[in-house]
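Notes follow once the structure below has been shown.
What follows is calculated from the coordinates using simple rules that are stated; it is not laboratory data. Since the structure is predicted, the reported quantities are computational estimates derived from the model, not experimental observations. Glycine also receives a Cβ, built like all others from the backbone with ideal geometry; neighbour counts cover every protein chain displayed.
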Amino acid sequence: MLDVLGNLERTQTCGELRAADVGAPVVLMGWTAKKREHPAKSFVDLRDRYGLTQIYFGEDVSPESYAKVKNVRGEFVIAVKGTVVARSAETVNKKLPTGEIEVHATEILILNDAKTLPFQLEVAGSENLASEDTRLKYRYLDLRRAQLQQNLMMRGRVLTKMREFMNANDFLEIETPILLKSTPEGARDFVVPSRIQTGKFFALPQSPQILKQLSMIAGLDKYFQIARCFRDEDLRADRQPEFTQLDIEMSFANQEMVFRTMEGVMRSVFSLLETDSGKSVGDYFETPFPRMTYADAMRRYGSDKPDLRFEMELGDLSEDLRDTDFAPFVSALENKGEIKCIVAKNKADYSRKQLDEFQEFVKRYGAGALAWIKLGDDISSSLLKVLGQEKIEQLARTANAEKGDIVLIVAGKKSVVAASLGALRIEIAKRENLIAKNVYKPLWVTEFPMFEYNEDTGNYEAMHHPFTSLMDEDVPLFKRAIEDGETELLGKICARAYDIVVNGYEIGSGSIRIHQREIQNLIFKALGLTPEKAKERFGFFLEALEYGTPPHGGFAAGIERIVMILQGTDNIRDVVAFPKTASAQDLMMDSPGIVDDAQLKELGIKIVE
Ligand code: ASP
């Protein structure tokens, strides 16, 4: 028989009691995390969201409670009345905030029992956890683990900080609809069939982009929203089909104003780390953040989200190799490609096997091969036979390599060289522990290209989104590209678009927007949208642009990424309460699921096998 809670209330949580409370009568409630039985006494670790408290059940204190606790097993829900008692010096647990005390139970209520859990919650070292699929199926149990609860608590604190900052700076929280029409972030939409308008569909917002711009046209001046976004993309391990952004938009704003606002948000959010380490926020985030253009980031780090916690910049060997007749190099340079390298300090002793692994690694990014120069006691190189000693020495000098170092070289298309060396740079840094812990390096990456060529479709696409304005100095070039049909110029045009990057993660992006209809039309034209198509998709927005649109710009920051960085996890599912798997399923609810025929019929939908 289970006990009833009745009017009983907790006096404290399981994380609260300290030495100063000794002698106090208390009532605690929670889950039985662990039970240890000894002759004439038992100990229970009682757990709730706030912590663990050790409860002592003894024949000496209360024979009834001691007898009753024998029926309690793991994860039973109990209430305990008792007195706070100091632990003896040798039983104090320094690792536990409540470790100086225990509660001597005078009464126990068994509020609920629990089946044996499908997996163990408390295993030493998180690498011993049950498989992720099992844990996701029983997410509500996995969430009882302190680590996951801490992640969610941090997430809650981050959202609170953001709201406080936005409110203090006159941003208005506006909720925009979830049942929407296709929005322009370039992924696939999740669609929702309409019953009343049979045969028609809503789309879930990929972002509230158009609505926040309309809010500026409406004169709401400064908008923010903690916005859920939905993107039906092919999944990658670090993505979820739905995620949350701090979405902002401001009127009469230039890039500097957006930067100042976002730097304020980031400082305020990262101040949450202060409590743990005793460092001040400024130690993490000095403002203004450093800036780097997209072109520089790609050139120096092979990435538009460079991790600045370590150096190892890419070096360019193209000029030194213009005169060679080694076929792969000749072909790279003839096809407007390049030959670049990174230097791994003091790694001339990398083994053959190691270098073979790196070969395979760069091939995954499309590189044909990885060449190397080792500056050991003598110089050795995979290129020695084809280039000769003198050239090899010259290359090592250009790369700024010193004795003991290894130079790793890739030739090919610019995008392939950047991607493969950029990734290898990070791989080596991880492997060699070059990345300092508890260091946070924010960066603005600016002047993104406006358009990106899609080799599959042969079209130019908006790299950010089609409402992004161009760099003022590129407008004449853009007009030439459109009006004189010099389409390939589109690849050279830069946008007033920017990202915040922290430690190699893109935290968010934004841009100054187009506020003139004429330019917006030209952008759609550049993207291959006929006026009819543009009208069909975005007609309401194009019309709105004609009724007095203020200059405006904004940003959206990914909440999951931020919490991941703050909590030091690489797994996005660790910071989402009820996440989906990498194949976009919810294993707990078993969704997506089928709906019954009657429902389909109402919606006018037939499933085609
Ligand atoms: N809507 C954009 C995004 O989701 C952000 C922005 O431009 O403000 O990436």
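The table that follows gives values for the structure above.
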{"item": "Region 327-485 pair-distance distribution - Cα-Cα, 5 Å bins, rounded %", "result": "2, 7, 13, 16, 16, 13, 10, 9, 7, 5, 2, 0, 0"}
{"item": "5 Å-binned pair-distance histogram of region 68-168 (Cα, whole percent)", "result": "2, 9, 12, 13, 16, 18, 14, 8, 5, 2, 0"}
{"item": "Relative contact order of region 218-311, pairs being alpha-carbon contacts under 8 Å that are 6 or more residues apart, as %", "result": "18 percent"}
{"item": "Listed pairs Lys391/Lys413; Lys212/Lys601; Lys94/Lys441; Lys363/Lys492 exceeding 30 Å between Cα atoms", "result": "Lys212/Lys601; Lys94/Lys441"}
{"item": "Interchain or long-range residues, amide H under 5 Å from Thr106's placed H", "result": "Lys81, Gly82, Thr83"}
{"item": "Low-density loop cleavage sites - chymotrypsin sites (Phe, Trp or Tyr not before Pro) in region 534-583, where at most 16 other Cβ are within 10 Å (DSSP)", "result": "Tyr547"}
{"item": "Shape metrics for region 158-211, restricted to C-alpha atoms - Rg then Dmax, Å", "result": "15.1, 45"}
{"item": "Among the listed pairs Lys385/Lys414; Lys70/Lys115; Lys35/Lys68; Lys340/Lys374, those beyond 18 Å (Cα-Cα)", "result": "Lys385/Lys414"}
{"item": "Nonlocal amide H pairs with His552, under 5 Å, H built at 1.01 Å", "result": "Phe252, Ala253, Arg513"}
{"item": "Table column - 3J(HN,Hα) (Hz), region 509-520, Karplus curve with 6.51, -1.76, 1.60, x for Gly and Pro", "result": "9, x, 6, 7, 9, 6, 10, 10, 4, 4, 5, 4"}
{"item": "Cleavage-rule hits, GluC sites (Glu not before Pro), region 169-221, DSSP coil, Cβ neighbours within 10 Å at most 15", "result": "Glu175"}
{"item": "Relative contact order (percent, whole number), region 87-207, Cα cutoff 8 Å, 6+ residue spacing", "result": "12 percent"}
{"item": "Cα centre as origin, Lys/Arg/Asp/Glu Cβ charges: region 482-532 dipole, Debye", "result": "240 debye"}
{"item": "Extension gain, Tyr547 back to Ala67 (0.36 nm per residue minus Cα-Cα distance, nm)", "result": "165.0 nm"}
{"item": "Cα gyration tensor category, rounded, prolate or oblate, for region 42-87 with a/c compared to 1.5", "result": "oblate"}
{"item": "Extension gain (nm, one decimal) between Asp596 and Arg431, 0.36 nm per residue minus Cα-Cα", "result": "54.2 nm"}
{"item": "Whole-Hz couplings from phi, Karplus 6.51/-1.76/1.60, listed for region 11-24; x for Gly and Pro", "result": "8, 9, 8, 6, x, 9, 6, 10, 4, 5, 8, 3, x, 6"}
{"item": "Extreme residue, positive dipole direction of the chain, given options Phe448, Gly264, Ile55 (C-beta unit charges)", "result": "Ile55"}
{"item": "In degrees, nearest ten, helix 352-363 long axis to first principal axis of the chain (Cα)", "result": "70 degrees"}
{"item": "Rounded tilt (10° steps) of 414-431 against the dominant C-alpha axis of the chain", "result": "30 degrees"}
{"item": "Value in Å of the Kirkwood radius, where region 161-261 supplies the Cα pairs that are averaged", "result": "15.0 Å"}
{"item": "Translational diffusion coefficient (Stokes-Einstein; Kirkwood radius from C-alpha pairs) of the chain at 10 °C, 1.306 mPa s, in µm²/s", "result": "55 µm²/s"}
{"item": "Vicinal HN-Hα couplings computed from phi for region 432-447 (Karplus, 6.51 cos²θ - 1.76 cosθ + 1.60; Hz; Gly/Pro x)", "result": "9, 6, 8, 9, 5, 7, 6, 10, 10, 10, x, 7, 8, 9, 10, 6"}
{"item": "Residue-span extension gain [Gln255 to Gln516] - 0.36 nm each, minus C-alpha spacing", "result": "92.2 nm"}
{"item": "Distant-in-sequence amide H partners of Ser303 (H built 1.01 Å from N, under 5 Å)", "result": "Met298"}
{"item": "Helix 255-270 axis, angle to the chain major axis (alpha carbon atoms, nearest 10°)", "result": "30 degrees"}
{"item": "Reach of Lys580 by Cα under 22 Å, taken over lysines that are not fewer than 8 positions away in the same chain", "result": "Lys137"}
{"item": "Gyration tensor (alpha-carbon) shape descriptor, region 519-565, a/c threshold 1.5", "result": "prolate"}
{"item": "Share of Cα-Cα pairs in region 118-219 lying beyond 21 Å, as whole percent", "result": "63 percent"}
{"item": "Estimated dipole of region 335-480 in Debye, rounded to 20 [Cβ of Lys and Arg +1, of Asp and Glu -1, Cα centre]", "result": "360 debye"}
{"item": "Estimated dipole of the chain in Debye, rounded to 20 [Cβ of Lys and Arg +1, of Asp and Glu -1, Cα centre]", "result": "1060 debye"}
{"item": "Percent breakdown of C-alpha pair distances by 10 Å bin, ordered from the shortest bin, for region 562-609", "result": "21, 30, 25, 14, 9"}
{"item": "Inter-site label distance for Leu117 and Tyr350 at 7 Å from Cα along Cβ, in nm", "result": "4.3 nm"}
